[in-house]
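Written out below as structure tokens is the structure these notes cover.
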């Protein structure tokens with residue numbers, strides 16, 4: 001269990017701190033999920049681009065010489 005420091009003489013001030021902490025933690029988790037989603041989306045885009053362009057520049061061992 002987390003120890004929450006009471007930030008004043010108000011009753012329930014520690015509960016406010018805990019709620020703020022939990023809310024910020026959820027915001028950070030959402031932000032990191034968005035970053036992960038974008039990262040995986042970019043990976044998929046690069047795979048698609050590489051697959052689309054692979055016929056233009058095949059692997060050097062697969063090139064055929066036309067004389």
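Read the figures in this text as sums done on the coordinates, not as results from a lab. Quantities reported herein were computed from a predicted structural model and do not represent experimental measurements. So basically every Cβ, Gly included, is an ideal-geometry build from the backbone, and we count neighbours across all protein chains shown.
Both radii were evaluated on the Cα set of segment 13-53; the Rg over Rh quotient, with Rh as the Kirkwood radius, amounts to 1.43. Modelled spin-label separation between residue 37 and residue 23, with each label point placed 7 Å from Cα along the Cα-to-Cβ direction: 2.2 nm.
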